[in-house]
1. Using a Gaussian network model of the chain with C-alpha springs under 10 Å, which one of Ser79, Ser88, Ser34 is most mobile by mean-square fluctuation?
2. Roughly speaking, what % of Cα-Cα pairs in the range 99-157 are separated by over 13 Å, rounded to a whole number?
3. Hey, what angle do you get for helix 34-70 against the long axis of the chain, alpha-carbon based, 0 to 90 degrees rounded to 10?
4. Return the carbon/sulfur percentage of the accessible area of the chain, one whole number, probe 1.4 Å, all protein chains in place.
5. Report the label-to-label distance for Val47 and Ser88 in nanometres (one decimal), using points 7 Å from each Cα along the Cα→Cβ vector.
6. With the chain treated as a Gaussian network of Cα nodes joined by springs under 10 Å, which of Leu27, Leu108, Leu43 yields the largest mean-square fluctuation?
7. Hey, what did the range 71-157 get for relative contact order, percent, Cα under 8 Å, at least 6 apart?
8. To the nearest 500 deg cm²/dmol, what mean residue ellipticity at 222 nm is calculated for the chain from DSSP H runs of n ≥ 4 alone, each contributing -39,500 (n - 2.57), summed and divided by the residues?
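The values are calculated or read from the model by the stated rules, or taken from the named source; none is laboratory data. Quick caveat: nothing in here was measured; it's all calculated off a predicted structure. Note that each Cβ is placed from the backbone with ideal geometry, even for glycine, and that neighbours are counted across all protein chains shown. Side chains are part of the model used for accessible areas, which takes the heavy atoms of the whole protein and leaves out ligands, DNA and RNA. Shrake-Rupley method; radii C 1.70, N 1.55, O 1.52, S 1.80 Å.
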Amino acid sequence: MKAWLDSLAERERRMVIAAAAIVILSLLYMLIVSPLLNTNETLRESVAEKASDYEWMQSRAAEARSRVLAGPASQKKDSRTLIARVTSEMRTKNITPVQVRPQGETRLNLTLRDVNFINLMDRLEHLQSSFDIRVANATIEPGSDAGLVNAQLTLAR
């Protein structure tokens, strides 16, 4: 390679060296700089989204505290069975349990697949504040799409 480069005229040698430098700089940009810039932009977007979520949670925190402090005083007397009340309330937000297993009169196990997280939280909050039906145990995992979750819930009266 050195012999070939030495055999070139001075002008040709400079052009070959300049072309090699351009190729090396282009490869460095494509393999290192560009991916870093793309990652940086993705992280900026993620941080902005998380900040927005945090602000939303902060705005709802005071309302949640006041509802917790209000306690069961504002709850309605419910003559329906636990299973009837829960399934009825879930249906109002198009949540259909995959499986419902009663555990006596006061506990109920629910299996939910690909349900809207916001709707689920709304129904659980409504069940607690209106009918004193609380979440005794919950396992919630991401669903098949953004905003959807799979959940295993144990509700108790």
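1. For the chain, modelled as a Gaussian network with Cα springs under 10 Å, the answer is Ser34.
2. So the portion of pairs separated by more than 13 Å is 61 percent.
3. The angle comes out at about 20 degrees.
4. 58
5. So the two model labels end up 5.0 nm from each other.
6. Leu27
7. Once divided by the residue count of the range 71-157, the mean separation gives 32 percent.
8. Estimated from H runs of four or more residues: -18500 deg cm²/dmol.
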